[in-house]
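The values are calculated or read from the model by the stated rules, or taken from the named source; none is laboratory data. All figures in this text were calculated on a predicted structure; none of them were measured in a lab. Heads up, the Cβs are rebuilt from the backbone with ideal geometry, glycines too, and the neighbour counts pull from every protein chain shown.
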Amino acid sequence: MRIATTTFHNDAVAQMDTLQAELAKTQQQLSTGLKLQSAADDPTGMSRVNQMNVEISASAQYVTNSNAVQTNLQLEEQALSDASNVLQNANSLAVQANNSALSASQRSNIATELQQDLETLVSIGNRTDSNGNYLFGGYANTTQPFTMSGNSVSYNGASAVTQVQISESQSISNGDTGSTAFMNIPTGNGTFTVAAASTNTGSASISASTLQNLNQWVPGTYTISFTDPSDYQITDSSGNVVSSGTYTSGNTLSFNGAQITLNGTPAAGDQFTVAPAGTTSAFSAISNLITTLNSGALNQGQLATAIGSAVQQINNSITNFSNVSASAGSRLNAITTAQSAAQTIQTSLKTNISNITSVDYVSATTQLSSEELALQAAEESYASVGKMSLFQFLS
């Protein structure tokens, strides 16, 4: 079969072009470190790489989200710790004020210190993050959550907080509302409260009130009445006598699973009211105490009972701060776990992408040498054959 000179040249050039293209591709792979230069190199592999890049991007966003929440929760924990310190100081002042030897002027001076504590507590409740958003505003984090009128503090924030996604399957609260942290705090012992009547003239005061047996407790309002300094009876809201007995200072009165301890000597006709517990605020715990200490109309028994109630409310508020802080701490732990998992996922995905796209330098270098030899051989062969002609054989 006769091969035309033109066909020979075309085939030889095409072969060398193919070898040069393969050589150039290998050289590019070695210079960039990438095995896949375009989707055409490996459509299936490139599709997998694109999907994994999407997953890495989503994971990185989750980490960004969790970092923002982490900062807010840490700021919240600090605020709650500072608020607890303020109330601890208020508690110490209350104990100091519950001294019969103090004058009205001295109690008024303590009330002035408590006024500073109240204002400090409001300031803590209105703290912001680095972007100027209020920590305890909930959804309404651009609105100042707490406003003060006289000694009355109102909450203006939202009742819920933003939920932030920190992983594909997990979202957490970006903080706590001011309502949760500062406002909805149980009064008394959480079941009932005890207050001295404004008409009491004796020195008896409440020192403790607890619910010992929930199964025996019948919710309602009860009145403890003293017919004389040593005899009492307890009636329900319908006037039915539920308990009675004799009393000496320090005795505990028991009825329907409740125990109430009194100190001091009551006068005939003195009364104490036992009522269902409600909710109040950490601010009211201080403001009520300020009102009590500034009042000149209370006798020692009424004063001691009111101060005791305020101390109990302050302690309830401190407990609530601790509970909210513990909740924030558990969320911080969840964030740490999620961030660790995200780091593991991202590392795994990047390793998989590298396995698909990165060059095996040993293999590529060997391939480059082979391609260079093949191209060199093709060029030399073409040059040698191209010099051949019939005249060389005839001469």
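A few points about this structure:
- Filter result (part of a loop (DSSP other than H, G, I, E, B) and farther than 24 Å from Asn89 by Cβ) within the stretch 145-170: Asn156, Gly157, Ala158, Ser159, Ala160, Val161, Thr162, Glu168, Ser169
- Scanning the stretch 270-283 for residues being at pLDDT 95 or above and part of a loop (DSSP other than H, G, I, E, B) gives a total of 2.
- For Asn98: the one exception among (1) buried (at least 16 other Cβ atoms within 10 Å of the Cβ); (2) under 30 Å from the mean Cα position of the chain (by Cα); (3) at pLDDT below 95: (2)
- Residue check for Ala297: outside any strand (DSSP E or B), on the phi < 0 side of the Ramachandran plot, surrounded by 20 or more Cβ atoms within 10 Å (Cβ to Cβ) and modelled with pLDDT under 95: no
- Yes/no for Ser205 being touching a residue at least 40 places away in the same chain (Cβ under 8 Å) and among the hydroxyl-bearing types (Ser, Thr, Tyr): yes
- Boolean, Asn141 is closer than 18 Å to Asn174 by Cα and in the same structural domain as Ser167 (by TED's automatic domain parsing): yes
- Among all residues of the stretch 186-202, there is at least one that is within 30 Å of Ala334 (Cβ to Cβ) and buried (at least 16 other Cβ atoms within 10 Å of the Cβ).
- Taking the numbered list (1) surrounded by 16 or more Cβ atoms within 10 Å (Cβ to Cβ); (2) under 44 Å from the mean Cα position of the chain (by Cα) in turn, Pro229 passes all entries but (2).
- In summary, Thr177 fulfils each of the numbered conditions (1) closer than 30 Å to Leu73 by Cβ; (2) surrounded by fewer than 16 Cβ atoms within 10 Å (Cβ to Cβ) with the single exception of condition (2).
- Looking across the stretch 104-155, the residues that are more than 17 Å from Glu77 (Cα to Cα) and among the acidic types (Asp, Glu) come down to Glu113, Asp117, Glu119.
- Tally of residues being over 17 Å from Ser309 (Cβ atoms), within 37 Å of the chain's Cα centre (by Cα) and either assigned to a strand (DSSP E or B) or not polar (S, T, N, Q) (or both) across the stretch 179-219: 6
- Check on Ala310, in the same structural domain as Glu113 (by TED's automatic domain parsing) and not polar (S, T, N, Q): yes
- Looking across Asn215, Asn184, Asn189, Asn174, one residue alone is of a type in the set (S, T, N, Q), touching a helix residue (DSSP H, G or I) at 6+ places or on another chain (Cβ under 6 Å) and touching a residue at least 24 places away in the same chain (Cβ under 8 Å). It is Asn174.
- Asn131 vs. criteria polar (S, T, N, Q), buried (at least 20 other Cβ atoms within 10 Å of the Cβ) and in a loop (DSSP other than H, G, I, E, B): no
- In the stretch 246-277, the residues that are at positive phi and either of a type in the set (A, V, I, L, M) or more than 49 Å from the chain's Cα centre (by Cα) (or both): Gly269
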